[in-house]
1. What range in chain A is the longest one free of trypsin sites (Lys or Arg not before Pro) that are in a loop by DSSP and have at most 11 other Cβ atoms within 10 angstrom?
2. For the range B:154-214, what mean projected area does the convex hull of the alpha carbons give, in nm²?
3. Just to be sure I follow the definition: excluding the sites themselves, where is the longest run in chain B that has none of the GluC sites (Glu not before Pro) in a DSSP loop with at most 12 other Cβ atoms within 10 Å?
4. What is the Cα convex hull volume of the range A:62-137 when expressed per residue in Å³?
5. Under a crude label model (7 Å from the Cα following the beta-carbon direction), how far is B:Phe286 from B:Asp319 in nanometres?
6. Given the options B:Lys104, B:Lys112, B:Lys184, state which has the largest fluctuation in a GNM of chain B using a 10 Å cut-off (strictly under) for Cα springs.
7. Any idea what log10 I(q)/I(0) is at q = 0.05, 0.07, 0.08 Å⁻¹ for the protein assembly as shown, Debye with uniform C-alpha scatterers and no solvent?
8. Taking R0 as 56 Å, what FRET efficiency do you get between B:Gln132 and A:Arg19 from their Cβ-Cβ distance, rounded to the nearest 0.05?
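Since every read-out is calculated from the coordinates, none of them should be taken as a lab result. What you see is a predicted model, and the numbers here were worked out from it, not measured in a lab. Because the Cβ atoms are built from the backbone with ideal geometry, glycine has one as well, and the counts that use them run over all protein chains shown.
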Amino acid sequence: MSESRLKERAAPVAPAYKRLGRETLHKALHQMVLIRRFEEGAEQAYMRGLVHGTMHLSIGQEASAVGVGINLRDGDCITSTHRGHGHCIAKGAEPKYMFAEFFGKDTGYCRGRGGSMHIADLAGGNLGANGIVGGGIPIAVGAALALKQTRKPNVVVCFFGDGANNEGAFHEGLNMATIWKLPVVFVCENNQYGMSMSTERSTAVKRIATRAAAYGMPGVTVDGNIFADVSEAAHEAIERARDAGGPTLVECLTYRHRGHSKSDRNRYRTKEEIDSWIARDPIGLFEQDLLRNGLIAQAEIDALHEGVVQEIEAAVAFANDSPAPDPASLTDFVYATPTTQATHVQ
Amino acid sequence: MSSEVRELSYAQAIQEALAIAMERDERVFLMGEDIGVYGGAFQVTGDLVQRFGEDRVMDTPISELGGAGVAVGAAMMGRRPVFEFQFSDFATLAMEQIVNQAAKMRFMLGGKASVPLVMRFPSGSGTGAAAQHSQSLEAWFAHVPGLKVVQPSTPHDAKGMLLAAIEDPDPVMFFEHKLLYKMKGPVPEGYYTEALHEARIRREGSDVTIAASAIMVHRALEAAEALAQQGVSAEVVDLRSLRPLDEGTLVASVSKTTRLVCVYEGTKQLGIGAEVSAMIAESAAFDRLDAPIIRLGGADCPLPYNPQLEKAAVPQVDDIVAAVLRSVEARV
């Protein structure tokens with residue numbers, strides 16, 4: 001891939017850049033940097049004891065989240081994963097409500113009930129991260145069915161990882177998406193490992209995208225660390241879905257710089273492997289490419305980074321200052337209206 | 001309308017409820033295996049596909065997990081899916097979506113999501129379908145906060161409770177005992193709903209309360225009739241809803257009769273009768289008990305094929321009579 005990639009990189013302007021334009025490209029870079037600083041901030045907060053549970057960081061995978069998300073419109077939906085902070089931000093989530101959720105506060109996206117693995121913003125079209133590998137895949141198909149039933153000009157993007165591609169939900173979901181020709185795009189973020197098990201050990205095919213053939217849909221593998229490549233493949237798939245052309249499976253080859261979760265001791269990856277991917281950091285690659293194409297100035301990049309630092313500081317402060325949920329509200333939201341269940345006479 | 005009360009079978013009553021729900025609300029649609037031209041494995045959907053089309057009576061592939069998840073996703077988007085499992089046993093393939101997703105979505109997302117779906121489960125033994133097509137798994141679902149679990153025993157309730165379930169903003173697990181499908185009973189024409197959280201006293205009595213649901217309500221009523229010949233006055237409470245349980249009705253009944261026999265088809269251990277018994281033991285009715293509570297549940301084995309064995313595996317009328325007599329003869 002590297003040689004052809006170099007040739008492609010030498011091409012004057014990527015099609016995605018022409019299509020998106022300077023302003024949108026700056027927005028994309030801002031989102032990628034925001035995701036990175038958000039997750040670094042979350043990691044620091046965890047180490048300071050501000051985060052109660054574990055978290056799954058997507059540092060190194062920002063190009064796939066934003067490369068896809070930048071093509072979405074109002075009314076489009078996503079489903080996400082346990083490693084979903086990037087998807088949330090790419091779909092327009094505000095870091096202050098995300099931090100508040102991390103800190104278990106009543107102002108969080110899920111009022112402190114969900115935590116890192118369940119951030120959702122239904123009003124913004126984010127149907128939620130999901131703690132179950134593959135759990136969001138049939139849900140995305142159902143959301144796409146609802147869009148088709150209501151004749152909405154919208155699509156659903158279903159993010160999942162390489163681990164999910166061996167779950168039954170993946171196979172059942174992709175099949176149904178095709179037989180009903182639904183407006184859904186399946187985005188597999190192949191970060192090479194399902195927890196500790198490499199795709200080489202876990203998956204019978206070399207490229208997950210080839211599994212699309214079994215479900216009668218186009219499948220494409222892209223360099224998930226190259227924003228322009230992800231964006232172009234996602235754009236094509238999203239517009240095909242929007243034009244009633246049915247689903248697509250897009251596989252983004254990428255890597256998580258951090259471990260699976262906070263308990264990961266990194267026994268299954270070498271330092272050399274990790275370093276080789278850090279050298280291909282999607283944010284650095286995107287910035288260099290934009291600079292090379294004259295689509296951004298270094299001073300603009302510097303200002304963007306500085307702005308994000310302040311944005312994150314303000315978001316953390318908001319979360320810190322927010323109230324915790326009232327313990328008396330423990331069983332709120334189990335049902336739409338409270339039932340008499342579970343209050344037996346003493 | 002004629003002065004005679006119209007009678008429908010339980011299956012017809014459900015089909016009528018589905019048709020009325022689809023006529024009243026364009027968001028309602030049906031999903032399931034072979035519910036279209038085939039008419040459903042138990043002919044519950046019948047010819048609805050001819051009336052409403054394939055977009056609203058959707059055959060799904062044999063993909064219970066995926067199908068259940070599609071229903072969850074569509075419901076989160078404001079649609080009103082009614083998902084038919086061909087047999088309740090097949091829910092085992094879809095537990096992830098039911099338990100982790102549908103049940104928890106509202107809570108997990110801080111009250112901002114709603115999953116207004118209905119899952120219909122043909123369940124129970126008595127059809128010679130053996131161990132993988134005969135189970136009564138309703139207690140599993142009644143263990144999960146976020147789900148509502150109902151088990152109507154009459155055609156009247158089947159229609160009214162299904163219409164209420166489809167309108168309900170939360171996921172409702174709707175258990176239909178297969179032996180009830182052909183049972184006929186009075187069913188009002190047109191639209192009406194029945195509460196999803198109330199038990200009903202099917203026969204008043206003063207000596208003992210029999211708490212039962214689904215097919216067991218009818219066996220309990222038959223037993224109560226036989227017991228009346230022997231001078232024992234049994235009150236039959238039809239639970240109707242397993243989650244939430246109607247504590248008020250049960251406590252009031254047992255406080256009056258001072259004896260309780262729980263009759264249920266699911267495995268006795270940790271079945272719905274275990275919960276009803278514990279609830280009464282924790283309630284003000286405990287002090288009124290004149291006999292130990294008796295649980296009459298399914299045998300501690302998978303459902304067998306042989307008809308005599310199958311019958312022996314779940315409570316029958318004679319078993320209920322014998323259990324009630326034990327109760328009224330006992331003393332605490």
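1. Values: sites that count: A:Arg48, A:Arg73, A:Arg151, A:Lys206, A:Arg265, A:Arg267.
By the stated rule (loop sites, at most 11 other Cβ atoms within 10 Å), A:268-346.
2. Numbers: hull surface 20.8 nm².
Projected area, direction-averaged: 5.2 nm².
3. Details: sites that count: B:Glu4, B:Glu26, B:Glu54, B:Glu189.
The longest such stretch corresponds to B:190-332.
4. Working: hull volume 6.0 nm³, N = 76.
Residue-normalised Cα hull volume stands at 79 Å³.
5. Each label point is offset 7 Å from its Cα along the Cβ direction, giving 2.8 nm.
6. B:Lys112
7. Per q value, in the given order, log10 I(q)/I(0) is -0.28, -0.53, -0.67.
8. Numbers: r = 54 Å, r/R0 = 0.96.
The value I calculate is 0.55.
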